[in-house]
Amino acid sequence: MNNYQKKWIYLIVLSLIWGSSFVLIKKGLVGLSAVQLGSLRVIITGLILFLVGYKSLKSIKRNEWKWIVVAGFLGTFFPAFLFAFAETEVDSGVVSILNSLVPLNTILFGFAIFKIASSKRQIFGVIIGFIGTTILIASGAKLNPEQNYFYAGFVILATVMYSINANIIKKHLQEVKPIAIATGNFAAIMIPAIVILLFSDFFIENNYKKPEVLKSLGYVFLLCTFGTALAKVMFNKLVQISTPVFASSVTYVMTLVAVLWGVLDGEKIGFTQIIGGIIMLFGVYMANRKKIN
């Protein structure tokens, strides 16, 4: 199987995994605060990755560690909290839609900061995808006027961080094993997460033993195992065998998965949102199809 085939398989699998992550965050917030969920997501995922990837840390060179640390905070630590805070006020489907800004930001920051060029076809495809995203956002605001879209700003900030992270991996960590990148990321961010959890009232008066908290912890464990640990390794590999733009376009496809989960969980979706989703998928195809000679 060549890299062209592999990258599409990775894209589809990641879309299914990350598309399901938004509803898991939503369920996790039933018994946990946003701060607790974000902290636990980092801690549990870190423990899982250390169990399988601690030996890979030896392969990381000294001059690569600074980029591992930066990528850990931008690609995982801050977004874990930002998404949790966003979903306290905004539906999981809408949050996933806003997350589709990642590919556009990846192109913009890739060129402005990392001097990674993108083809006209890629730019055209991302613009089409962004138009589809805009349609989804506008129609979502009409369907859910009671939601506080100020919190949507947390998602937009996270998309900027994700895009910078994707470019860092491509530019500075191309030769590092994906499992080593992921494990190194969490080696850098676990201690701050533990400190935050200790000050979050999670352990006060046996709060963690409450039935609703235990149920939420189950959802967070699923989120950490698949939506963070496995997905982080797969995403790192996807960036290495493709491009930052292609890898970040997973945010378009996973939006449809997330919106479907939202509908099944009682969130609203209209015909205009469906049209917007189709336009997004077309944008993904345009940005990533092979050039015909």
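For the stretch 136-149, state whether one or more residues are part of a helix (DSSP H, G or I), at pLDDT 90 or above and of a type outside the set (Ser, Thr, Tyr).
Looking through the stretch 136-149, none of the residues is part of a helix (DSSP H, G or I), at pLDDT 90 or above and of a type outside the set (Ser, Thr, Tyr).
If you take the residues in the stretch 245-280 that are under 24 Å from residue 105 (Cα atoms) and among the small types (Gly, Ala, Ser), which one is farthest from the chain's Cα centre (by Cα)?
276
Considering the stretch 111-128 alone, what residues qualify as being modelled with pLDDT under 70, in a helix (DSSP H, G or I) and either surrounded by 21 or more Cβ atoms within 10 Å (Cβ to Cβ) or of a type in the set (A, V, I, L, M) (or both)?
112
Residue 176: at pLDDT below 90, crowded, with 18+ Cβ neighbours inside 10 Å and farther than 23 Å from residue 92 by Cα, yes or no?
Considered against the rule, which asks whether it is at pLDDT below 90, crowded, with 18+ Cβ neighbours inside 10 Å and farther than 23 Å from residue 92 by Cα, residue 176 comes out as no.
Residue 185: at pLDDT 90 or above, polar (S, T, N, Q), farther than 30 Å from residue 266 by Cα and in contact with a helix residue (DSSP H, G or I) (Cβ under 7 Å, 6 or more places away or on another chain), yes or no?
yes
Filter the stretch 237-252 down to the residues that are in contact with a Phe, Trp or Tyr (Cβ under 9 Å, 6 or more places away or on another chain) and of a type in the set (Val, Ile, Thr), then identify the one that is surrounded by the fewest Cβ atoms within 10 Å (Cβ to Cβ).
241
From the list 204, 181, 189, pick out the single residue that is loosely packed, with under 15 Cβ neighbours inside 10 Å and aliphatic (A, V, I, L, M).
After ruling out the rest, the residue left standing is 204.
The values are calculated or read from the model by the stated rules, or taken from the named source; none is laboratory data. What you are looking at is a predicted structure, and each value in this text was computed from that prediction instead of being measured. A quick note on method: Cβ atoms are made from the backbone with ideal geometry, for glycine too, and the neighbour counts reach across all protein chains shown.
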